[in-house]
Amino acid sequence: YAAIDLGTNSCRMVVADETGHYVYNQSAATRLGEGMSRHNCFTPEAISRGIDALKEFGSVLGNFQCRYRAIATAACRMATNGAEFINRVQKECNINLEVIDPKEEARLNLLGALSNADKNKPYVLVYDIGGGSTEITLAKRSNAQIISTISIPFGARNASEHFGINDYDEQKAQIFAREISSYVARFKKE
């Protein structure tokens with residue numbers, strides 16, 4: 001079995017045998033969301049990096065002859081040329097890439113985090129700070145039931161570009177903090 005996770009900054013692939021033991025585990029720095037804040041689309045350079053990484057992963061899938069799920073998150077949801085990129089991945093890499101919505105992203109984050117969560121606690125709070133979005137999820141530990149989740153449309157990559165904080169600037173950081181705080185306040189209220 002294999003899983004591919006294409007995010008805003010990187011792409012990761014794991015292949016596991018029937019017992020869950022990883023037989024392949026690799027990531028590539030695609031920086032797919034680099035420069036997206038200007039025109040809300042992938043740059044040719046970012047597309048090239050993404051295609052190169054996924055070609056390699058497509059080759060690995062062929063070698064293992066395994067079932068897989070390949071997902072794409074925030075960058076592909078937001079990019080105006082995201083569908084074009086997904087089509088190129090299918091044609092050039094032979095990978096069916098599924099663009100998941102924020103709720104599915106939160107669900108998968110939760111399932112992954114539960115293996116490391118304290119089994120004696122009734123609830124779990126998961127923060128997933130990605131390159132293009134941040135998901136915060138509160139769930140019941142026992143049955144992985146999501147109580148509330150929010151997807152904040154800023155992650156490490158796009159926030160630094162959008163708010164101009166590649167180099168620290170107190171005023172810009174405060175604007176960013178207020179923006180994020182408004183999302184967190186809504187989540188806490190729910």
Next item on the list: Read phi for every residue in region 42-58 and hand back ³J(HN,Hα) as whole Hz from Karplus 6.51 cos²θ - 1.76 cosθ + 1.60, θ = phi - 60°, with x for Gly and Pro.
Entry: 6, 7, x, 5, 5, 4, 4, 5, x, 4, 4, 5, 6, 5, 4, 5, x
Item checked: In order through region 89-101: 3J(HN,Hα) via Karplus (6.51 cos²θ - 1.76 cosθ + 1.60), integer Hz, x for Gly, Pro -> 4, 4, 6, 8, 10, 6, 10, 8, 9, 9, 7, 9, 7
Notebook entry, point to check: At a probe radius of 1.4 Å, what is the per-residue accessible area of Val23, in Å² to the nearest 10?
Noted result: 70 Å²
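What is region 80-189 by shape, rounded, prolate or oblate, if you read a ≥ b ≥ c off the alpha carbon gyration tensor as root eigenvalues and call it rounded for a/c under 1.5, prolate for a/b larger than b/c, and oblate otherwise? It would help to have the intermediate numbers written out before the result.
Working: a/c = 2.37, a/b = 1.06, b/c = 2.24.
In terms of gyration-tensor shape, oblate.
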Margin query: Leaving ligands and nucleic acids out of the surface, order Lys103, Lys140 by accessible area at 1.4 Å, largest first.
Written below: Lys103, Lys140
Item checked: Whether the chain is rounded, prolate or oblate, judged on the alpha carbon gyration tensor where a/c under 1.5 counts as rounded -> oblate
Check: Among the DSSP beta bridges whose two residues both lie in the chain, what percent are antiparallel, rounded to the nearest 5?
Finding: 75 percent
Margin query: At a threshold of 8 angstrom on Cα-Cα distance, excluding pairs fewer than six apart, so keeping six or more, what relative contact order does region 1-53 reach in percent?
Written below: 28 percent
Checklist line | region 160-190 and region 79-94: distance between their alpha carbon centers, rounded to Å | finding: 31 Å
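Please calculate how many Å² of accessible area region 1-141 carries per residue, with a 1.4 Å probe and no DNA, RNA or ligand atoms counted. Don't jump to the answer; show the numbers that get you there.
Details: 7550 Å² over 141 residues.
That works out to 54 Å² for each residue.
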Item checked: 5 angstrom amide H check on Ile95, placed H, neighbours 5+ away -> Gln90
Check: Quick one: if you stick a label point 7 Å off each Cα along the C-beta vector at Leu111 and Ser48, how many nm between them?
Finding: 3.6 nm
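Note the full-extension length gain between His162 and Lys189 as 0.36 nm times their separation in residues minus their Cα-Cα distance, in nm to one decimal.
Working: separation 27, 0.36 × 27 = 9.72 nm, distance 2.64 nm.
Computed gain between His162 and Lys189 is 7.1 nm.
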Note to self: Taking θ = phi - 60°, what integer Hz values does the Karplus form 6.51 cos²θ - 1.76 cosθ + 1.60 yield along region 163-171, in sequence order, with x for Gly and Pro?
What the structure shows: 9, x, 10, 4, 10, 4, 9, 4, 5
Check: If contacts are Cα pairs under 8 angstrom and at least 6 residues apart, what is the relative contact order of the chain in percent?
Finding: 17 percent
Notebook entry, point to check: Within the accessible area of the chain, what % is carbon and sulfur when the probe is 1.4 Å and the other protein chains stay in place?
Noted result: 49 percent
Checklist line | Built amide H within the under 5 Å cut-off of Ala72, gap 5+ | finding: Leu6, Glu98, Val99, Ile100
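Only loop residues by DSSP count here, and only those with at most 11 other Cβ atoms within 10 Å; note down the chymotrypsin sites (Phe, Trp or Tyr not before Pro) in region 82-178 that meet that.
Passing both the DSSP loop test and the Cβ count: Tyr168.
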Check: How high is the relative contact order of region 69-139, in percent, counting Cα pairs under 8 Å that sit 6 or more residues apart?
Finding: 28 percent
Notebook entry, point to check: For a paramagnetic label modelled at 7 Å from the Cα of Tyr127 toward its Cβ, which residues of region 169-190 fall within the zone defined by backbone nitrogen distances under 20 Å?
Noted result: 169-170, 172-190
Check: Once the whole set of protein chains is in place, how much accessible area is left on Leu125, using a 1.4 Å probe, in Å² to the nearest 10?
Finding: 90 Å²
Notebook entry, point to check: Amide H neighbours of Ser148 under 5 Å, counting only residues 5+ apart in sequence or on other chains, H built in-plane at 1.01 Å?
Noted result: Leu138
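The values are calculated or read from the model by the stated rules, or taken from the named source; none is laboratory data. The model shown is predicted, which means the values in this text are computed figures rather than measured ones. Ideal geometry is used to build each Cβ from the backbone, glycine not excepted, and the neighbour counts take in all protein chains shown. Calculation scope for accessible area: heavy atoms of the full protein, side chains included, ligands and nucleic acids excluded. Shrake-Rupley method; radii C 1.70, N 1.55, O 1.52, S 1.80 Å.
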